[in-house]
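**Q** Got a structure for you, written out below as structure tokens; questions coming shortly.
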Amino acid sequence: MIRDPLIEGATQLFINGEPRDGSGGKRIPQINPATEEVFAEVAAAALKDVEAAVEGAQRAFAQTWRDLSPRKRTDILFNIARLIRENTEPLAQLESRNIGKPITDARDEVQLGARVFEYYAGAVTKLFGQTIPVARGGFDFTLRQPMGVVAAIVPWNFPFPIACWKVAPALAAGNTVVLKPASQSPLTAIMLGQFAHEAGLPAGALQVLPGAGGEIGDALVAHPLVRKVSFTGSTAVGSRIMGIAAGDLKRISLELGGKSPNIVFADADVEQAATTSPMSVFANTGQDCCARSRVFVERRIFNAFVEKFVAATQQLRVGDPLQEATQIGPLVSAGQRRVAEDFIVEARKAGRTVAAGGGRPLDKGFYLEPTVLLEVDPGDRVWREEVFGPVVCIRPFDNEAQMLREVNDSRYGLSGSIWTNDLKRALRVSRQVESGVLSINSHSSVHVEAPFGGFKQSGLGRDLGMSAMEGYTELKNVYVAE
Ligand code: NAD
């Protein structure tokens, strides 16, 4: 196996403050999607390790973390943020090699992870209860109390920031965490476990268990000491988790798939909308739950919009993710590329227009060109299902009401954009779009301070902001008689 100082410390489970191999002896090869080469092997957790991790996390909860003073918790979370910032470059390099993410994006995501820890470090002392004037008189107040052990299960598309935005609020609220990264992308999660320990987090308060979801996921979700499961991933696995968690009424929050709309009215700044929209779907090679993959354009400006959108798409720099200028890297795996290509093949067979892309731009690596489809039908699979690859469909619309029916005719409801200079229309439409997150004249979906999550089958509960932190607590009401 290639030895590499960057990954030297990041290839084992992290349990009770120590790196260790999985008890089953299995290892998971890590493939660089840009080169198709195995560049590391990571220990895989087995069922015995789930047991050890959860029990250790429960001990850390009951013996130290739950009762540590808020001030101490704040200091430790700030220390973690500092270590993340100091290690931006190694973390970004690892992430880029592990999943093919462009290095500039990887750096931004590491910084985002640090900001998340800073936000929740400050939030420890701002998690307020209420005093309530009850009918009996006396004194009534609420407490927000930690739950215990939280299982955080995260995907491979934004491995580091999503791990941070589950771990930080859960710890801030006084819980301990067992973090299970996706088997394709465990490296930065393991480093996070090490930094947290170095920052003064008690042993066991953050356990990191790389391993296949199908093997250890169910055991983790079903474990009686796990009080909450916070999951980001596919709708299918989310639904399975909800079923298992129902057994002992575990608390859950689920951030799942999406098929988000990008709505462009004729009165918008068409230039800005058309030139920024490609990256709202092709960033992270389309492997983004918020990807605006259904574009609705008012017919009057349709041709002009499409022309500019296609031109901007063709200028995107696809290539080696470690090059500073690269905007689009490979997909995470050969399998993920095959899934995306199947959508394109099907669209071609149905006679849809491929206005840009559709092919493989490089011989080596799991690359796929950003692909623009026109003349798709609302019944087409590519219009209805999440591709999780660089494929967008653009359709014209004639009136607002009909467009909104089509926008909402989806099992998903995660994110979306509305482009218009008419304020009343922007507010009217934003109220009617069925999604948890929306942006007007922008494509931004994620703000550390604001709630993030979905309607319908895009999820349950919210990440980020104070909503997330409240989601890691139980609400207790106490009445004191006078
Ligand atoms: P996935 O559901 O296959 O895996 C996500 C995580 O769940 C991984 O850690 C995996 O190992 C684990 N897992 C798999 N089977 C499990 C089981 N039976 N029990 C417990 N855990 C199990 O999803 P993915 O392919 O890693 O990620 C892509 C999906 O995630 C897309 O659908 C995407 O839209 C969604 N996603 C959603 C958001 C959001 O915030 N809404 C963010 C990123 C990704």
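The values are calculated or read from the model by the stated rules, or taken from the named source; none is laboratory data. As the structure is a prediction and not an experimental result, all values here were calculated from the model. Quick reminder, even Gly has a Cβ in these numbers, built from the backbone with ideal geometry, and neighbours come from all protein chains shown. We work out accessible area using only protein heavy atoms, side chains counted, and drop any ligands, DNA or RNA first. Shrake-Rupley method; radii C 1.70, N 1.55, O 1.52, S 1.80 Å.
**Q** What's the ranking of 226-235, 280-289 by average number of surrounding C-beta atoms within 10 Å, highest first?
**A** Values: 226-235: 23.5, 280-289: 25.5.
Top of the packing list down: 280-289, 226-235.
**Q** Right, here's the next one. Using the Cα centre as the reference, give the magnitude of the dipole from point charges on the C-beta atoms of segment 304-455 (Lys, Arg: +1; Asp, Glu: -1; all else neutral), rounded to the nearest 20 debye. Intermediate values should be presented prior to the final figure.
**A** Values: 18 positive and 20 negative charges, 15 e Å.
The calculation lands at about 80 debye.
**Q** Sticking with this structure for a sec: Using +1 on the beta carbon of Lys and Arg, -1 on that of Asp and Glu, and nothing else charged, what's the dipole of segment 178-316 about the Cα centre, debye to 20? Walk me through the numbers on the way to the answer.
**A** On the way: 12 positive and 11 negative charges, 77 e Å.
The calculated dipole for segment 178-316 is roughly 360 debye.
**Q** Could you tally the net charge around residue 331, taking each other residue with its Cβ under 10 Å from the Cβ of residue 331, Lys/Arg +1 and Asp/Glu -1? Write down the numbers at each step before the final one.
**A** Numbers: positive: 337, 338; negative: 341.
Neighbour charge sum, excluding residue 331 itself: +1.
**Q** Let me ask something else. At residue 432 and residue 307, where each label point lies 7 Å from the Cα along Cα→Cβ, what is the point-to-point distance in nanometres?
**A** My value for the distance between the label points is 3.0 nm.
**Q** Continuing with this model, one more query. Would you be so kind as to identify which of 50, 16, 133 lies farthest towards the positive end of the dipole of segment 1-145, taking Lys and Arg as +1 and Asp and Glu as -1 on Cβ and the Cα centre as origin?
**A** Comparing the listed Cα positions along the dipole, 133 ranks first.
**Q** Considering the options 327, 38, 62, tell which one lies farthest towards the positive end of the dipole of the chain, charges being +1 on Lys and Arg and -1 on Asp and Glu at the Cβ, about the Cα centre.
**A** Most positive-ward Cα: 62.
**Q** Follow-up. Which one, 265, 114, 150, is farthest towards the positive end of the dipole of the chain when Lys and Arg carry +1 and Asp and Glu -1 on their Cβ?
**A** 150
**Q** How large is the dipole of segment 39-150 about the Cα centre if only Lys and Arg carry +1 and Asp and Glu carry -1, each at its Cβ, rounded to the nearest 20 debye?
**A** Numbers: 15 positive and 14 negative charges, 105 e Å.
The dipole magnitude comes to about 500 debye.
**Q** Sorting check: for 19-28, 32-41, 145-154, which peptide has the highest mean count of neighbouring beta carbons within 10 Å, and how do the rest follow? Present the calculation step by step, with values, prior to reporting the outcome.
**A** On the way: 19-28: 16.4, 32-41: 18.0, 145-154: 25.0.
Answer by packing, highest mean first, reads 145-154, 32-41, 19-28.
**Q** Next question, about the same structure. Short version: ³J(HN,Hα) in whole Hz for each residue of segment 420-434, in order, from phi by Karplus 6.51 cos²θ - 1.76 cosθ + 1.60 (θ = phi - 60°), x for Gly and Pro, what are they?
**A** Calculated HN-Hα couplings, in order: 6, 9, 9, 4, 5, 5, 4, 6, 4, 5, 5, 5, 8, 6, 8 Hz.
**Q** Here's a follow-up. For residue 156, tell me the accessible area in Å² from a 1.4 Å probe, rounded to the nearest 10.
**A** It works out to around 30 Å².
**Q** Order the peptides 43-55, 440-452 from the highest to the lowest mean number of other Cβ atoms within 10 Å of their residues. Numbers along the way, then the final one.
**A** Numbers: 43-55: 21.8, 440-452: 16.4.
For the peptides 43-55, 440-452, the packing ranking is 43-55, 440-452.
**Q** Using R₀ = 35 Å, calculate the FRET efficiency as 1/(1 + (r/R₀)^6) where r is the Cβ-Cβ separation of residue 38 and residue 239; round to 0.05. Don't skip to the end; give the middle numbers.
**A** Working: r = 33 Å, r/R0 = 0.93.
The pair residue 38/residue 239 has a calculated efficiency of 0.60.
**Q** Further, regarding this structure: Skipping prolines and chain starts, which residues have an amide H placed within reach, meaning under 5 Å, of the one on residue 442, given they are 5 or more residues away or on another chain?
**A** Distant-sequence amide H within range of residue 442: 418.
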